[in-house]
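A short reminder: the numbers here are calculations on the coordinates, not readings from a lab. Computed from a prediction, not measured in an experiment: that's the story for all the values here.
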């Protein structure tokens, strides 16, 4: 599995018009990263001027939820 940073840089390279948060969202989506790992990289990769400090925990929670792999269900007919 690639690190969040490598995935983030890859997303930014392919989508130069994305902001830091949007690129990080795409980088962690459905990758099963732990919340602590996401939180650490959020602090490193997302410019502090891009969000209000009081919103940080909500943003990290949103990233953490996006990181979870959705349950795959199989229908037996």
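Observations
- Principal-axis analysis of the Cα atoms of the chain puts helix 56-67 at an angle of about 30° to the longest axis.
- Between helix 35-45 and the chain: long-axis angle, C-alpha atoms, 0 to 90°, nearest 10: 40
- Of the residues 55, 32, 47, the one that moves most in a GNM of the chain with alpha-carbon contacts below 10 Å is 55.
- On Cα atoms only, tilt of 4-14 relative to the major axis of the chain in degrees: 80
- Cα-based Rg / Dmax (Å) for the chain: 13.8, 53
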